[in-house]
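Throughout, read-outs are computed from the coordinates displayed, never taken from laboratory work. Please read these numbers as outputs of a predicted model, since none were measured by experiment. Here the Cβ positions follow ideal geometry from the backbone for every residue, glycine too, while neighbour counts run over all protein chains shown.
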There are 2 protein chains.
Amino acid sequence: MSSRVEHALQKLKATGIRMTPQRQAILTFLMESMTHPSADEIYRSLEPKFPNMSVATVYNNLKVFVEAGLVRELTYGDGASRFDADMSDHYHVTCEQCGTIVDFEHSPLSDIEREVEQHTGFVVKGHRMEFYGTCPDCMAKSSSVH
Amino acid sequence: MSSRVEHALQKLKATGIRMTPQRQAILTFLMESMTHPSADEIYRSLEPKFPNMSVATVYNNLKVFVEAGLVRELTYGDGASRFDADMSDHYHVTCEQCGTIVDFEHSPLSDIEREVEQHTGFVVKGHRMEFYGTCPDCMAKSSSVH
DNA sequence: TTGACTGCAAAGTGTTTGCACCTGT
DNA sequence: ACAGGTGCAAACACTTTGCAGTCAA
């Protein structure tokens, strides 16, 4: 298990949150995954290891993680929420064809946040930016259809 | 009725989409509204005028408008989608306390889109940015609680 | 030991769909 | 006339909740 996961587990323990095999498996899976999985994807991925685990447990734990500040919930137009255990500042690029979500590292645009504050009178705590388009794979596929 | 609404109705007609009182009312309400209402809010707002209209009709028509490029669907973490008939480039500022959504005019960040393309190989069609924080009203309320 | 967690099933939301009837063009 | 729209209810997908039994600390 990576030290990142261990660090997260420590953080949970410090908050008085109990450690269970399911909880640990869900968090580990999320932290080691690059694909921003949905609750159902997590559920199905862990099924071999936890055949009796219920979806409710996945949802319950995701909520615990989000509240503990370990995980971020991403909502898109389509169906289910996706979950991201990478809490560093980064944006997402989504393929409209196949649904792939890729990270894009970029320093946060704090200057534009200040602009928003000046124009709206809000106190801005953060922002979220999503790009959408077509991924290289889908581009290749559609261009090969002559 | 504003000329903006009339123009939109013309656009629909040109696409071969039939005009009905319900459809017209939903579109007019959306275009004259500043609050990015949800389907249910639209439904309830039009209830006095159309007591027999069903929610399905609201959803059906919103889908028609989105497909016709007249309306944009906004999804947030919480429950329902919200709909925005302002198709100009702008971003949204959401109050985490009361849920108010305010528009923020800003020239689109096309330079960062190009950056994304270079780093990810995607063809980027657009982006969406949401700011979140506290609105002036809620700030006043919380600071008055000594 | 005991409060927190799990699994299950049932309930809740928001949205879509199937179908008979109706209406705009 | 008739393709397309409406209203209604049932179906859906995702998520939450209630509860009895279980387990980590």
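Please compute, for peptide B:65-75, the average count of beta-carbon atoms on other protein chains lying within 10 Å of each residue's beta-carbon.
Details: counts 0, 1, 0, 0, 0, 0, 0, 0, 1, 1, 5.
For peptide B:65-75, the averaged partner shielding equals 1.
With unit charges on the beta carbon (Lys/Arg positive, Asp/Glu negative), name the residue among A:C95, A:G69, A:N52 whose Cα is farthest towards the positive pole of the charge dipole of chain A. The residue sitting most towards the positive pole is A:N52. Over the stretch B:1-87, the hull volume per residue, using the convex hull of the C-alpha atoms, is 92 Å³. The relative contact order of the stretch B:1-113 comes to 20 percent, based on Cα pairs under 8 Å that sit 6 or more residues apart. Listed by chain and number, the aspartates and glutamates whose alpha-carbon sits under 15 Å from that of B:K13, ignoring those within fewer than 8 places in the same chain, are B:E67. Note on chain B: with a GNM built from Cα contacts shorter than 10 Å, the maximum mean-square fluctuation among B:T120, B:T28, B:T75 falls on B:T120.
Taking a ≥ b ≥ c as the square roots of the eigenvalues of the Cα gyration tensor of the stretch A:59-143, is the shape rounded (a/c under 1.5), prolate (a/b larger than b/c) or oblate? All intermediate terms of the calculation are to be shown ahead of the outcome.
Working: a/c = 2.31, a/b = 1.28, b/c = 1.80.
Because a/c hits 1.5 or more and a/b fails to exceed b/c, the stretch A:59-143 counts as oblate.
Say a site is exposed when it is one of the trypsin sites (Lys or Arg not before Pro), sits in a DSSP loop, and has at most 16 other Cβ atoms within 10 Å; what is then the longest site-free stretch of chain A? Spell out each step's value before the answer.
Working: sites that count: A:R18, A:K49.
Longest site-free region, per DSSP loop and neighbour criteria: A:50-146.
For the stretch B:45-75, the residues whose backbone nitrogen is under 14 Å from a point 7 Å from the Cα of B:T20, taken along Cα to Cβ, are B:50-65.
Taking A:K141 as the anchor, which aspartates and glutamates have their alpha carbon closer than 16 Å to its alpha carbon, excluding any fewer than eight residues away along the same chain? List returned: A:E96.
Annotation: cysteines of the protein assembly as shown without a disulfide-compatible partner (Cβ-Cβ under 4.7 angstrom) are A:C98, A:C138, B:C98, B:C138.
Can you compute the charge dipole magnitude of the stretch A:88-146 about its Cα centre, using +1 on each Lys and Arg Cβ and -1 on each Asp and Glu Cβ, nothing else charged? Give it in debye, rounded to the nearest 20.
Working: 4 positive and 10 negative charges, 36 e Å.
Rounded to the nearest 20 debye, it is 180 debye.
Largest mean-square fluctuation among A:L109, A:L12, A:L70, in a Gaussian network model of chain A whose springs join Cα atoms under 10 Å apart, belongs to A:L109.
Each Lys or Arg adds one and each Asp or Glu takes one away; over the other residues whose Cβ falls under 15 Å from the Cβ of A:I42, this sums to 0.
With label points set 7 Å from Cα along Cα→Cβ, the inter-copy distances at A:S45 are 4.1 nm, sorted shortest first. For chain A, place one equal point scatterer on every Cα, skip the solvent, and apply the Debye formula. What is log10 of I(q)/I(0) at q = 0.13, 0.16, 0.18 Å⁻¹? Here log10 of I(q) over I(0) equals -0.72, -0.98, -1.12.
Ranked from shortest, the separations from the 7 Å Cα-to-Cβ label point of A:R18 to its equivalents in the other copies are 6.0 nm.
Each part gets one Cα centre, and for the stretch B:1-71 versus the stretch A:8-38 those centres are 45 Å apart.
What is the average number of partner chain Cβ atoms found within 10 Å of a Cβ in B:110-122? Taking all residues of B:110-122 together, the mean is 5. Residues considered: A:S54, A:S107, A:S45. Largest GNM mean-square fluctuation over chain A, using C-alpha springs under 10 Å, is found at A:S107.
With r defined as the distance between the Cβ atoms of A:Y59 and B:S3 and R0 fixed at 35 Å, what FRET efficiency is calculated, to the nearest 0.05? Spell out each step's value before the answer.
Details: r = 48 Å, r/R0 = 1.37.
That gives a FRET efficiency of 0.15.
Inter-copy label distances at A:Q118, using a point 7 Å along Cα-to-Cβ, come to 2.7 nm with the shortest given first.
Quick one: of the DSSP bridges fully inside the protein assembly as shown, what percent are antiparallel, nearest 5? Each step should come with its number before you reach the end.
Numbers: 29 of 37 bridges.
Around 80 percent antiparallel, to the nearest 5.
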